[in-house]
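Q: Below you will find the structure I want to go over with you.
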Amino acid sequence: MNKDIELVGLGNGLVDLMFEVSDSELNDLNLKKGEMLLVDTSKQDPVLNLFSGRAQYQCSGGSAANTIIAFSQLGGKSAYKTVLGNDEFGKFYANEFEQLGIHLNADFVDEFPTGTCVVLITPDTERTMHTALGATALFNENHITEDVIARAEWLYIEGYKFSEESSTKAIFRALDHAKKYNTKIAVTFSDVFITNLFKDNLRKVVEASDLVFCNAQEAMSFTNTEDTESAFLALENICPNVIVTDGKNGSNIKWNNEIHKIPSYKANPLDTTGAGDMFAGAFFYGLLRTNSAKIAGHLASYAASVIVSQFGARIKGDMNLVKRKIEEEFAINF
């Protein structure tokens, strides 16, 4: 099978709607700052109505989708598998992916609307997410496309998909296809509520994976440890390649039995939305272009510093400037 896709993502299909809010507005909604709350559509509609008419930033998203988009904007060849509603948000999502040059392998359903994620950004730059999965909650093993996985060098799995039994089954079917066609497997933990509530199935996938992405809090939750170093060491014994990000403290990478400590880059934080997703997308691009985890780590760290210095999970400027920074630092060409 010709591997003409470098990275295929499996994850939620959500339209992100971002709003700047005050702490008091967040408190009025009884939301805990910094967390992601899953709700059904009936509870999402009042929140959407509350902020209707207010300035917003809208884009196609979902955690793994953000990673695939970052990878594509840097110049990678990518695809994405999800489920969308047959509605205006679904059309918006598909149009954005077409413009981005990403092969969108999506099923459109009539039963539910396209999922939405209301991202509420408080003055301290923290983001709190109010998410209704909508159509993407229907994702099941029948939606897995063998051909797309067969064509890919890497399969990237979003941890949020473990929150539904049907999509968990879909993950395991995707793993079977990946093993059949020698497609390498990566998984991101996505959130501490995944590592807390769905650890058993997540661990099975971690044990079958070639690479794990997580942040320090997720790593400690998953490994039942109390510090980043212990969590990193524990993960090393489960998966051959591991990346643990830790904000301003940088990141720890184990790749091909070598350890790399990657520093953070200076940033002026405005919004932390999508920092980990951007890190993963940039890391894959750097790794596939240079075969160096160190260079890939620096590209990922710098790209993450750029994303937290703006609103939204997608870099609005010239992505070539992000690459150029690391090209100059390491005297290379991507």
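Q: Anything in region 43-87 that is loosely packed, with under 15 Cβ neighbours inside 10 Å and either free of Cβ contacts under 8 Å to residues at least 24 places away in the same chain or in a strand (DSSP E or B) (or both)? List them, or say none.
A: D45, P46, N49, S52, G53, Q58
Q: If I ask for residues that are closer than 22 Å to E6 by Cβ and either hydroxyl-bearing (S, T, Y) or not in a strand (DSSP E or B) (or both), which ones from region 256-274 would you list?
A: N256, G274, listed by residue number.
Q: Separate question: Please determine, by comparing only the residues of region 237-260 that are farther than 22 Å from A304 by Cβ and either crowded, with 16+ Cβ neighbours inside 10 Å or not aliphatic (A, V, I, L, M) (or both), which one is nearest to the chain's Cα centre (by Cα).
A: From region 237-260, those farther than 22 Å from A304 by Cβ are 237-238, 240, 256-257; that's our starting set.
Cutting the leftovers down to either crowded, with 16+ Cβ neighbours inside 10 Å or not aliphatic (A, V, I, L, M) (or both) gives us 237, 240, 256-257.
Details: N237: 24, P240: 21, N256: 23, N257: 25 Å.
Among them, the one singled out is P240.
Q: Also, I was wondering about something else. For the subset of region 209-233 comprising residues that are free of Cβ contacts under 8 Å to residues at least 12 places away in the same chain and not charged (D, E, K, R), which member is surrounded by the most Cβ atoms within 10 Å (Cβ to Cβ)?
A: M220
Q: Inspect region 1-24 for any residue being in contact with a strand residue (DSSP E or B) (Cβ under 9 Å, 6 or more places away or on another chain), basic (K, R) and either buried (at least 17 other Cβ atoms within 10 Å of the Cβ) or modelled with pLDDT under 90 (or both) and give the result as yes or no.
A: Narrowing region 1-24 to residues in contact with a strand residue (DSSP E or B) (Cβ under 9 Å, 6 or more places away or on another chain): 3-21.
When the remaining residues are screened for being basic (K, R), the result is 3.
With the extra rule that they be either buried (at least 17 other Cβ atoms within 10 Å of the Cβ) or modelled with pLDDT under 90 (or both), the set shrinks to none.
There is no residue in region 1-24 that is in contact with a strand residue (DSSP E or B) (Cβ under 9 Å, 6 or more places away or on another chain), basic (K, R) and either buried (at least 17 other Cβ atoms within 10 Å of the Cβ) or modelled with pLDDT under 90 (or both).
Q: Please verify whether T116 is surrounded by 20 or more Cβ atoms within 10 Å (Cβ to Cβ) and farther than 17 Å from A70 by Cα, treating the condition exactly as stated. Spell out the reasoning first.
A: Working: surrounded by 20 or more Cβ atoms within 10 Å (Cβ to Cβ): yes; farther than 17 Å from A70 by Cα: yes.
When the stated conditions are applied, T116 passes them.
Q: Moving on to the next point. Going through A170, A174 one at a time, which residue ends up being touching a residue at least 24 places away in the same chain (Cβ under 8 Å), touching an Asp or Glu at 6+ places or on another chain (Cβ under 9 Å) and surrounded by fewer than 24 Cβ atoms within 10 Å (Cβ to Cβ)?
A: On the way: A174 fails: surrounded by fewer than 24 Cβ atoms within 10 Å (Cβ to Cβ).
Residue meeting the stated conditions: A170.
Q: Let me ask another. With the structure loaded, tell me whether Y160 is under 17 Å from the mean Cα position of the chain (by Cα) and either surrounded by fewer than 20 Cβ atoms within 10 Å (Cβ to Cβ) or outside any helix (DSSP H, G or I) (or both) or whether it fails that test. Reasoning before the result, please.
A: Values: under 17 Å from the mean Cα position of the chain (by Cα): yes; either surrounded by fewer than 20 Cβ atoms within 10 Å (Cβ to Cβ) or outside any helix (DSSP H, G or I) (or both): no.
No.
Q: State whether the residues of region 104-122 include one that is out of contact with any strand residue (DSSP E or B) (no Cβ under 7 Å at 6 or more places or on another chain), of a type in the set (D, E) and either closer than 27 Å to I194 by Cα or without any contact (Cβ under 8 Å) to a residue 24 or more places away in the chain (or both).
A: yes
Q: Then there's this: In this structure, does T125 turn out to be under 16 Å from the mean Cα position of the chain (by Cα), farther than 26 Å from A231 by Cα and not basic (K, R)?
A: Details: under 16 Å from the mean Cα position of the chain (by Cα): no; farther than 26 Å from A231 by Cα: yes; not basic (K, R): yes.
Considered against the rule, which asks whether it is under 16 Å from the mean Cα position of the chain (by Cα), farther than 26 Å from A231 by Cα and not basic (K, R), T125 comes out as no.
Q: Which residues, counting only those in region 119-150, are in a strand (DSSP E or B) and closer than 18 Å to D87 by Cα? Reasoning before the result, please.
A: Our first condition is that a residue be in a strand (DSSP E or B); within region 119-150, this holds for 119-121, 127-132.
Those that are in a strand (DSSP E or B) and closer than 18 Å to D87 by Cα: T131, A132.
Q: A further question follows. Looking only at region 197-211, decide whether some residue is out of contact with any Pro (no Cβ under 8 Å at 6 or more places or on another chain), closer than 30 Å to V47 by Cα and either modelled with pLDDT of 95 or more or in a strand (DSSP E or B) (or both).
A: Yes, some residue in region 197-211 is out of contact with any Pro (no Cβ under 8 Å at 6 or more places or on another chain), closer than 30 Å to V47 by Cα and either modelled with pLDDT of 95 or more or in a strand (DSSP E or B) (or both).
Q: Restricting the search to region 271-292, which residues are on the phi < 0 side of the Ramachandran plot and more than 19 Å from the chain's Cα centre (by Cα)?
A: Pass one, region 271-292, residues on the phi < 0 side of the Ramachandran plot: 271-273, 275-290, 292.
Once the filter is applied, which keeps residues that are on the phi < 0 side of the Ramachandran plot and more than 19 Å from the chain's Cα centre (by Cα), region 271-292 yields R289, T290, S292.
Q: Output the residues belonging to region 154-170 that are under 14 Å from L38 (Cα atoms) and basic (K, R).
A: K161, the sole residue that qualifies.
The values are calculated or read from the model by the stated rules, or taken from the named source; none is laboratory data. Not measured: the values here are computed from a predicted model. Glycine also receives a Cβ, built like all others from the backbone with ideal geometry; neighbour counts cover every protein chain displayed.
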